[in-house]
């Protein structure tokens, strides 16, 4: 079966085409390390970790590169606010990132380059652009000339004429075009800098990913990924400078982007999560109440290109779903023993019926929500096997759940440990329950009954009893 993948560049699903058969070169724009990761960052990392796991499970060799941006304006500003060195700041948040990713079962990338270790690569790239007449020097900066890139805007679907007409970039006399972007920034007092042929300075943000991706994947590679917010201008600028520097087209075969995360308020309104709006939720905070696997399942329960609605009701439902998986595995232990009856093998066995359904879902643009439906069908079959005391079927289903769960980065925990380590009902913040109850009441008043029922079921799964009356809704823990 051929993997179909949606390409942002062509705006359609198409067969995954590899430059070297059996080998995948994948680059994903990583973190700018000046603060803790939030749920939006978690979505990017979980989504592409899921893709890498699946590609490898089908027998492909994957070289996965995910960078750290460890120098930019935000980092310089935050280090100043905290009165610490840039190295101390970025080191702190790289370590925090790694801790968060481990909790979410996100595997380290094969290569995790830091921008400051690749200044020479960036300077070499900038030198090529100047030699090719696609960049120019002005007031100590080096800028890319967008006018010289005739296919600029192809990824985002924006025409250069429309971009220029609608540009909100402040007119700057040292730019030939308001859309021109900085490749090398002249040094400023009190900021870090590196020597260069154009004077002391530091790289612009866009040039970093071009230099690091080509350094480790070559001048052309298979998949470039990131969040939807990076399509313009970051990835558009990457294409312009990368293809302009080496004279190749296309630079990347498949552009893959995950959707935004929306925060669902108590009144049902949705707004894009962002730091500027002050509505972001850090992974560190969420891990205080929910295991990493729960957060991961919550993310994978929506197709990666769809908007992901965040609410505590949906997260509670994900917790209940993970409990159902581990509950079925625990109930089967008297039949199966302490370990899965079958080893977790790769690549996947395509002769098995449920595995075929799983493969069909994942081959259709990594449809993790449909793949999870297969996983829960196996859980249902395992529960039936336990009821029937059918050891052979219980062993087979346990092995399948473990095998397919591993491909999604789930079911990584020992069964008994899951119930020992997960937050107890008593540890769940009462204020969180109150928020869910209010959210349910708002949904009922707005006649969004399906949403209200979902919240009630999530609360029930958590052991919360609701009592509706004329005076309102009260709740208590199930005894």
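The table for this structure:
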| read-out | value |
| --- | --- |
| Of all residues making up region 456-473, the number that are more than 15 Å from residue 444 (Cβ to Cβ) and either at pLDDT 85 or above or in a strand (DSSP E or B) (or both) | 2 |
| Complete set of residues in region 445-474 that are in contact with a strand residue (DSSP E or B) (Cβ under 9 Å, 6 or more places away or on another chain), surrounded by 12 or more Cβ atoms within 10 Å (Cβ to Cβ) and free of Cβ contacts under 8 Å to residues at least 40 places away in the same chain | 456, 460, 463, 464, 465, 466, 468, 473 |
| Wholly within region 148-257, strands (runs of 3 or more DSSP E) carrying at least 3 residues that are under 26 Å from residue 52 (Cβ atoms) | 221-227 |
| Subset of region 5-60 (residues that are farther than 17 Å from residue 253 by Cα and under 10 Å from the mean Cα position of the chain (by Cα)) | 30, 39, 40, 41, 42, 43, 44, 45, 46, 47, 49, 50 |
| Subset of region 8-27 (residues that are in a loop (DSSP other than H, G, I, E, B), assigned by TED's automatic domain parsing to the domain that holds residue 235 and out of contact with any strand residue (DSSP E or B) (no Cβ under 7 Å at 6 or more places or on another chain)) | 21 |
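The values are calculated or read from the model by the stated rules, or taken from the named source; none is laboratory data. Everything quoted here is computed from the prediction, not taken from an experiment. Don't worry about glycine lacking a Cβ; one is built from the backbone with ideal geometry, like all the others, and counts go over all protein chains shown.
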